[in-house]
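To start, the structure under review is shown below, and the notes come after it.
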Amino acid sequence: MIRAQGLEHFYGARQAVKELSLDVAQGEIVGLMGPNGSGKSTAFALLSGLLPMNAGSLEYREKRVTPDDWSYRRDLGVVFQDVSLDLKLTAKENLSLTARMHGLGRNSASRVQKALVRAGLPERENDLVGTLSGGLRRRLDIARAMIHEPKFLLMDEPTTGLDLESFEQTWRILETLRAEDKTAILLTTHRPDEALRCDKLIVMRDGECVRTATPDELLVEAGKDLLLLETPVPDVVASTLKKELDLSSSRIGQEKLSIEVASAQEWVVPIANLFEPETLRAINFRRPGLAEAYFKVTGSALTASQEEAQ
């Protein structure tokens, strides 16, 4: 449905997006994954038409998108990182206003009611948006973006700041759009738990796509399980592990060791049996996730302090 090739954009002398290519099929959820400063929001602005492309091309349904082509914008729904709602209007008034702006006319009333139901807000339709929680506002904002039934939904960090329940409710809406409406969805995210729910991920670093893969493919690249040992004598424990079990370990801080193994749970008992409780205070293990996969692929962390340029 959407194909971008060689997209580039500069902020003065700084290149924020470098030869970015991607495609999104009908009924597919694709994530642009990376920390702040990786170029995600600039890519979002290019695809939504908010910024001009310094180079590259964008195709919608195999037809090149031009600046004066309104068919692409007509079929596009946009959800910004900050909620785009009028806090002094009710939930229903916000949706009605958006429907009128899209020129829906006589169809607007039925569209508004459908949007309220999908967002789970029919009983709150007359509440001022300013009185709604952050999670309810986000669900209403997605409903606003879908009021004209677009074929392509573009979202910038859609779950930033949401609690777990609101996160789950938001994703139930997205998965319904994919399953029932066959909506193509492209979102930006730095959340591993969100990236896991995408069909495909575009791994971004410094404005470039360094890998396109499914979450499962990236998890395979993340490496082995990690055992974490807490001990007051890490050198003694490390030496014993090497001698008795042929396990190599790495020092973490003053009193911790880490060990990479294929199946961490199988090593807990053999390791525990080697030491007294005062020597080995704790054993924990975890499997690597997409944050570790991102580091393996890019050599940098999935979180960054630098704010991405808008």
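All of the numbers you see were taken from the coordinates with simple rules; none came from a lab. What you see is a predicted model; the values in this text were computed from it and never measured. Neighbour counts run over all protein chains shown; Cβ positions are idealised from the backbone, glycine included.
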Quiz prompt | the chain - mean residue ellipticity at 222 nm from DSSP helices (-39,500 (n - 2.57) per run, n ≥ 4, rounded to 500) | solution = -9500 deg cm²/dmol
Quiz prompt | the range 231-283, Rg to Rh (Cα coordinates; Rh as Kirkwood inverse mean 1/r) | solution = 0.91
Quiz item: Which aspartates and glutamates have a Cα less than 15 Å from the Cα of Lys92, not counting those fewer than 8 places away in the same chain?
Solution: Glu123, Glu125, Asp127, Asp141
Quiz item: How big is the equivalent ellipsoid of the chain along its three axes, where each semi-axis is √(5λ) from the Cα gyration tensor, reported in whole Å from largest to smallest?
Solution: 45, 24, 16
Quiz item: How big is the C-alpha Rg of the range 1-90 next to the rule-of-thumb value 2.2 N^0.38 Å, as a ratio?
Solution: 1.17
Quiz item: Long-range amide H contacts for Ala55: which residues qualify at under 5 Å (H placed 1.01 Å from N, peptide plane, sequence gap of 5 or more or a different chain)?
Solution: Glu8
Self-check item: Candidates Phe152, Phe285, Phe275: whichever shows maximal mean-square fluctuation once the chain is modelled as a Gaussian network with Cα springs under 10 Å
Solution: Phe275
Practice problem: Mind giving me the FRET efficiency for Asp127 and Asp75? R0 is 41 Å, r the Cβ-Cβ distance, nearest 0.05 is fine. | Solution: 0.85
Quiz item: Sorting His102, His9, His148 on the 10 Å Cβ count, fewest up front, what's the list?
Solution: His102, His148, His9
Practice problem: Excluding residues on the same chain fewer than 8 positions from Lys40, give the lysines whose Cα lies under 29 Å from its Cα. | Solution: Lys18, Lys63, Lys151, Lys182, Lys200, Lys224, Lys296
Quiz item: Which order, highest average first, do 120-129, 286-295, 33-42 follow once you tally other Cβ atoms within 10 Å for each residue and take the mean per peptide?
Solution: 33-42, 286-295, 120-129
Quiz item: Normalised by the number of residues in the chain, what is the relative contact order in percent for Cα pairs under 8 Å and 6+ residues apart?
Solution: 23 percent
